[in-house]
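Before any comments, here is the structure.
The values are calculated or read from the model by the stated rules, or taken from the named source; none is laboratory data. Nothing here was measured: the structure is a model prediction, and the numbers come from that model. Positions of Cβ are backbone-derived with ideal geometry, glycine not excepted, and every protein chain shown enters the neighbour counts. Just so you know, the surface numbers come from the protein's heavy atoms only, side chains and all, with ligands and any DNA or RNA stripped out. Shrake-Rupley method; radii C 1.70, N 1.55, O 1.52, S 1.80 Å.
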Amino acid sequence: DQQVKQNSPSLSVQEGRISILNCDYTNSMFDYFLWYKKYPAEGPTFLISISSIKDKNEDGRFTVFLNKSAKHLSLHIVPSQPGDSAVYFCAASLYGGSQGNLIFGKGTKLSVKP
Amino acid sequence: DAGITQSPRHKVTETGTPVTLRCHQTENHRYMYWYRQDPGHGLRLIHYSYGVKDTDKGEVSDGYSVSRSKTEDFLLTLESATSSQTSVYFCAISSTSVNTEAFFGQGTRLTVV
């Protein structure tokens, strides 16, 4: 059973417009969420995170929104740039214990067209 | 960039042979992870370590073993490689177990023929 779901395998947007990437989760015990960005032939790199005590976190062009009641988070990129073209993974973390692993979604491939 | 080195970066091996992938870090982070990435599956945790000689299984641990004899090195071994283990393997490190981002290596592309 997939605990973190990214239902859109791909997304295409025009340069300068907003990109919205969505992520749903099923486990209410998750309390920390992260977005990673991955270019081909490279490892994922951390982009932005949000704790479950917040509903929004902003870092430059990137904003993550968390709706706990809907078990949904989204990543907004404004304005989108061609260099943002990559695969974006949503990940969730379970609090406590030594099991500090991240549970990832399958990823959404974002293409930003000039 | 976090100091994580994976070796080898690419490997082709035959079914039934043993394979060891190495992850080396220079950050002195306590936690280390091995993930595999496959089309349609995203990243899945194989094994992780929370200290020297302290390891535990992840979601897809069957067919894999790990060892961590030093803080800086985390080895992933396929005792007898199978074609289903053809994948891209990523090592990651983190300083704490919760509420923190992980830093990933560049990956090892393993092909089992």
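Stokes-Einstein diffusion for chain B at 4 °C, viscosity 1.567 mPa s, with a Kirkwood radius from C-alpha pairs, works out to 93 µm²/s. Label zone of B:Glu14 (point 7 Å out along Cα→Cβ, amide N under 15 Å): in segment B:47-83 this covers B:80-83.
Taken along its three principal axes, the alpha carbon spread of segment B:61-105 comes to 35, 22, 17 Å, from the longest extent down to the shortest.
For segment B:33-103, the share of accessible area belonging to carbon and sulfur comes to 47 percent (1.4 Å probe, ligands and nucleic acids excluded). Of the accessible area of chain A, computed with a 1.4 Å probe over protein heavy atoms only, carbon and sulfur atoms account for 49 percent. When the listed pairs A:Lys68/A:Lys109; A:Lys38/B:Lys11; A:Lys113/B:Lys57; A:Lys38/B:Lys57 are checked against a 30 Å cut-off, the alpha-carbon distance exceeds it for A:Lys113/B:Lys57. To the nearest 10 Å², what's A:Ser28's accessible area with a 1.4 Å probe? Here the residue's solvent-accessible area equals roughly 90 Å². Average 1/r across all pairs of distinct alpha carbons in segment A:38-95, invert it, and you get the Kirkwood radius: 12.7 Å. On association of chains A and B, roughly 1800 Å² of accessible area becomes buried (total for both chains; probe 1.4 Å). For chain B, the solvent-accessible area works out to 46 Å² per residue, with a probe of 1.4 Å and every protein chain left in place.
When A:Ile53, B:Ile93, A:Ile103 are compared by accessible surface with a 1.4 Å probe, the order from highest to lowest is A:Ile53, A:Ile103, B:Ile93. Using the Cα coordinates of chain A, the gyration tensor eigenvalues translate into equivalent-ellipsoid semi-axes of 24, 15, 12 Å, sorted from longest to shortest.
The Stokes-Einstein estimate for segment B:1-57, based on a Kirkwood radius over Cα pairs and taken at 20 °C with 1.002 mPa s viscosity, is a diffusion coefficient of 161 µm²/s. B:His24 contributes about 50 Å² of solvent-accessible surface, heavy atoms of the protein only, 1.4 Å probe. Here the protein assembly as shown yields Rg over Rh of 0.97, to two decimals, using C-alpha coordinates and the Kirkwood radius.
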